[in-house]
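Here the structure comes first, spelled out in structure tokens, and everything after it is commentary.
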Amino acid sequence: MKDTVFTSIHKKLGARIVPFANYNMPLQYEGVTAEHEAVRNHVGVFDVSHMGEFFVEGPKAFELVQRLTVNDVARLEDGMAQYTCLPNDKDGIVDDFLVYRIDPEKYMMVVNAANIEKDWDWVNRQNINGAKLHNASDEIAQLAVQGPKAEKVLEKLTNYDLSSIKFFHFAYINIAGQNNILVSRTGYTGSGGFELYFLNAAGPNLWKAIFEAGEEYGIKPVGLGARDTLRLEAGLYLYGNDITDTTSPIEAGLGWITKFVDGNNFINRESLEKQKQEGVSRKLKGFQMIEKGIPRQHYEICDATGNPIGEVTSGTMSPTLKKAIGMGYVKTEFAKRDTEIYIKIRKKLVKAKIVKLPFYKPE
């Protein structure tokens, strides 16, 4: 198991440390609900240094990234980021990730921690035209400062106008005396905020500065537990749960990032385009429990007579909504909003209904 540059800090703060994606990571500090509410109402900080960072450089960089990903990288300009995924050649997803365009010949791919090795192998195997690749995952740390007060906290540490960083944009700026911090505004919580990427050595000083600046705003460290409840309320997917090697972007409702445009000849395009045109037999949908019960991953989804129609991929009791919510794949005929479905919990059918994602939107 690996440590991040912040692991010793987490332990001093009394975090419950658990193994996650080959790293020792904080599950929670004072509790999932308290940490969740801190992000929704104030500001929280996540150590996401376990995420992977690949740099793709050189004259062939664009060509490779464009072929690897379903989204249209040609739409990016310098300082822009894009949510996308790596399609495999079997109608599934290798990973979902963010791609950052630093300049026309330099891109950064931010991949899921559990998939670093698999993704790195996939990217290298597809690199047939000689783009320059560098896996910087062990060199770069990342903090996500999330919540409605995130900008107020960070603006105390920089002269840069943070409001100028639009959604899915980024800039290299000075934060707390540390130069060349990549600061982006993408988010995985639904409550806004920023992500900071930096070399490991800058980590401890940045953590200290951010928490001192955020003290007046009730800043809290946040673990993986609340990260999961926050992302689920926001209708955001978790790889390994909601999307996998055997779920297609079209089934998963990721048609909006799958761009069938001229020049975007990504891997497995022909098969995915056929799915979009002809339809799919199942769809990933959000649902809300009507009767009492908490859905969990792999619970069976049934119709009113108990016939299996799908499977839960994620589920929880929403700390914000005070209702049990979840996502899962259902047969297409049951995917319409307000359709009643049943979650099989301990052999009992518990009523739920299909709802529109996200479950939560900030006011």
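Inspect the range 219-229 for any residue being under 13 Å from the mean Cα position of the chain (by Cα) and free of Cβ contacts under 8 Å to residues at least 60 places away in the same chain and give the result as yes or no. No.
Residues checked against (1) more than 23 Å from Ala113 (Cα to Cα); (2) buried (at least 23 other Cβ atoms within 10 Å of the Cβ):
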{"site": "Ala136", "(1), (2)": "no, no"}
{"site": "Ala141", "(1), (2)": "no, yes"}
{"site": "Lys156", "(1), (2)": "yes, no"}
{"site": "Gly177", "(1), (2)": "yes, no"}
{"site": "Pro204", "(1), (2)": "no, no"}
{"site": "Tyr217", "(1), (2)": "yes, no"}
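In the set (1) under 25 Å from the mean Cα position of the chain (by Cα); (2) part of a loop (DSSP other than H, G, I, E, B), the condition left unmet by Glu273 is number (2).
Scanning the range 14-39 for residues that are hydroxyl-bearing (Ser, Thr, Tyr) and outside any helix (DSSP H, G or I) yields Tyr23, Tyr29. Would you confirm whether any residue within the range 111-128 is exposed (fewer than 12 other Cβ atoms within 10 Å of the Cβ) and not in a helix (DSSP H, G or I)? Within the range 111-128, one or more residues are exposed (fewer than 12 other Cβ atoms within 10 Å of the Cβ) and not in a helix (DSSP H, G or I). Contact map, the range 16-38: residues that are farther than 22 Å from Tyr217 by Cα paired with residues that are of a type in the set (S, T, N, Q) and surrounded by fewer than 18 Cβ atoms within 10 Å (Cβ to Cβ), Cβ distance under 8 Å, separation 6+ or inter-chain. Pairs shown: Ile17/Asn24; Val18/Asn24.
Filtering the range 275-310 to residues that are crowded, with 16+ Cβ neighbours inside 10 Å, within 22 Å of Leu238 (Cα to Cα) and without any contact (Cβ under 8 Å) to a residue 40 or more places away in the chain leaves Ile309, Gly310. Of everything listed in (1) more than 20 Å from Tyr83 (Cα to Cα); (2) outside any helix (DSSP H, G or I), the single unmet condition for Ser163 is (2). Count of the range 166-200 residues, restricted to those that are over 16 Å from Ile210 (Cα atoms) and of a type in the set (Phe, Trp, Tyr), is 5. Here Leu232 meets each of (1) among the aliphatic types (A, V, I, L, M); (2) more than 16 Å from Lys90 (Cβ to Cβ); (3) touching a Lys or Arg at 6+ places or on another chain (Cβ under 9 Å); (4) surrounded by 17 or more Cβ atoms within 10 Å (Cβ to Cβ) with one exception, condition (3). Which one is surrounded by the fewest Cβ atoms within 10 Å (Cβ to Cβ), of the residues in the range 62-75 that are among the hydrophobic types (A, V, I, L, M, F, W, C) and either within 18 Å of Asn129 (Cα to Cα) or more than 18 Å from the chain's Cα centre (by Cα) (or both)? Among those residues, the one meeting the criterion is Ala74.
Being touching a Phe, Trp or Tyr at 6+ places or on another chain (Cβ under 9 Å), surrounded by 19 or more Cβ atoms within 10 Å (Cβ to Cβ) and over 30 Å from Asp89 (Cα atoms) is true of Ala226. Note on the range 76-110: residues that are more than 21 Å from the chain's Cα centre (by Cα), farther than 20 Å from Leu272 by Cα and not in a strand (DSSP E or B) total 4.
Only one of the numbered conditions (1) in contact with an Asp or Glu (Cβ under 9 Å, 6 or more places away or on another chain); (2) at pLDDT below 95 is violated by Glu363, and that is (1).
Checked against the criterion of being more than 18 Å from Thr84 (Cα to Cα) and touching a residue at least 40 places away in the same chain (Cβ under 8 Å), the candidates Ile257, Ile210, Ile243, Ile267 yield just one match: Ile210.
Among the conditions (1) more than 19 Å from Phe6 (Cβ to Cβ); (2) more than 19 Å from the chain's Cα centre (by Cα), Gly177 misses just one, which is (1).
The values are calculated or read from the model by the stated rules, or taken from the named source; none is laboratory data. Since this is a predicted model, take the numbers as computed values, not measurements. As a convention, Cβ positions derive from the backbone with ideal geometry for all residues, glycine included, and neighbour counts pool all protein chains shown.
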